[in-house]
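The values are calculated or read from the model by the stated rules, or taken from the named source; none is laboratory data. All values reported here derive from a predicted model rather than from experimental measurement. Counting neighbours? That spans all protein chains shown, and the Cβs are built from the backbone with ideal geometry, glycine included.
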């Protein structure tokens, strides 16, 4: 391949990356605005928690060696907007990638009437008092990598709150931060009945 | 005679790349830079397949698709960018056969082209689908995995039959709902993922890592094409 063509390709890749970053920034601003205006209504469907986790990992461009997925057995299906939950998980995964060494630990388990999804990283963890600040709009921690507006986690919180859930973060023992999404399971699913053919 | 491919894209680099890939696969390639030129070429060159960029300067790719579909059933593969799930879904629902996301690999593009050109055949014409240890016999309505019969519910079977008829191609949520439940499909939308999960539990070797029914996040599902007889 000629040198000029290689140069062109690397310029092109750089431009594409810049455009993606800009698109993400604009999307975040639009999402934040939509969430605040209350216009965003979840379109709910019955989802398997394992599916939600796997799809969020794939959508974030991560693979099995980047993220260790651990899903408790016999979890019920949950009635949520899969796209929005995956978007929230995507923000947590992206945050974990930016702050810690891989792999990230992603898990789902049941806690009484709640589904708990946790994203745990091996990063430096949170400074005292940061537990609430990280979810504030435009908050950028001292260890945040450059680029971005500091909107990802605040959007994640609002997406989860739109599902009557909550999101919290604690330092984990042995270092790193653990973000936990808690979503109410609600009434169990009743599939329209049918016989096997 | 070589099959004719029409590339409608305003980016010269993409057209160049596609020309190299398509010519290596023995296509004759025509290029159009604009929607207007593309529609004219589609009428005059009579391509066997169209590759259409969604972000054209003079018109929305989805509009081009609608105009084209007024008189032509030529297979159309849409070229789209990452994170434009809405655009992809709109194009697929407007009659595109499939999509590839830029940047794409030539192997991926050629696989999509082959699947799109196979077109949807009526059920009678595809009597049997085989992939790994799964065999679907549509004539006898029998599904076996590793030699054992798999019992499916009516809905699971209808889903699988739909996937087999469109093997290798993406189906949007809306297309699946409309095909299986007809005009009153909205009430079933909330269960679609569950039906797919149940189907996977019966036909996949490892339902946690599906190899047959793949999810296209934000768009729909695709039955991977291994071999169909």
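A few points about this structure:
- Here residue B:58 meets each of (1) under 16 Å from residue B:110 (Cα atoms); (2) touching a residue at least 24 places away in the same chain (Cβ under 8 Å); (3) loosely packed, with under 15 Cβ neighbours inside 10 Å with one exception, condition (1).
- Any hit, the stretch A:98-110, residues being within 14 Å of another protein chain (Cβ to nearest Cβ), surrounded by 15 or more Cβ atoms within 10 Å (Cβ to Cβ) and in contact with a helix residue (DSSP H, G or I) (Cβ under 7 Å, 6 or more places away or on another chain): yes
- Any hit, the stretch A:128-150, residues being touching a helix residue (DSSP H, G or I) at 6+ places or on another chain (Cβ under 8 Å), outside any strand (DSSP E or B) and at pLDDT 90 or above: no
- Any hit, the stretch B:25-44, residues being surrounded by fewer than 20 Cβ atoms within 10 Å (Cβ to Cβ) and under 21 Å from the mean Cα position of the chain (by Cα): yes
- Just one residue in the set A:66, A:31 is more than 27 Å from residue B:187 (Cα to Cα) and in contact with a helix residue (DSSP H, G or I) (Cβ under 6 Å, 6 or more places away or on another chain); that residue is A:31.
- In the stretch B:82-102, residue surrounded by the most Cβ atoms within 10 Å (Cβ to Cβ) [restricted to those that are closer than 22 Å to residue B:225 by Cα and within 14 Å of chain A (Cβ to nearest Cβ)]: B:88
- On the stretch given as the stretch A:30-56, residues that are surrounded by 13 or more Cβ atoms within 10 Å (Cβ to Cβ) and either within 9 Å of chain B (Cβ to nearest Cβ) or touching a residue at least 12 places away in the same chain (Cβ under 8 Å) (or both) total 18.
- Counted residues, the stretch B:5-38 - those being farther than 30 Å from residue A:4 by Cβ and touching a helix residue (DSSP H, G or I) at 6+ places or on another chain (Cβ under 6 Å): 1
- Enumeration of residues in the stretch A:20-29 that are touching a residue at least 24 places away in the same chain (Cβ under 8 Å) and more than 22 Å from residue B:11 (Cβ to Cβ): A:25, A:28, A:29
- Cβ separations smaller than 8 Å between residues 6+ apart or across chains give the following pairs from the stretch A:7-19 residues that are under 17 Å from residue B:81 (Cα atoms) and within 13 Å of another protein chain (Cβ to nearest Cβ) to residues that are assigned to a helix (DSSP H, G or I) and modelled with pLDDT of 75 or more: A:12/B:13.
- Screening residue B:145 on (1) crowded, with 16+ Cβ neighbours inside 10 Å; (2) at pLDDT below 90; (3) over 30 Å from residue B:6 (Cβ atoms) shows it passes everything except condition (2).
- Unique match (being over 21 Å from residue A:161 (Cβ atoms) and crowded, with 18+ Cβ neighbours inside 10 Å) among A:62, A:115: A:62
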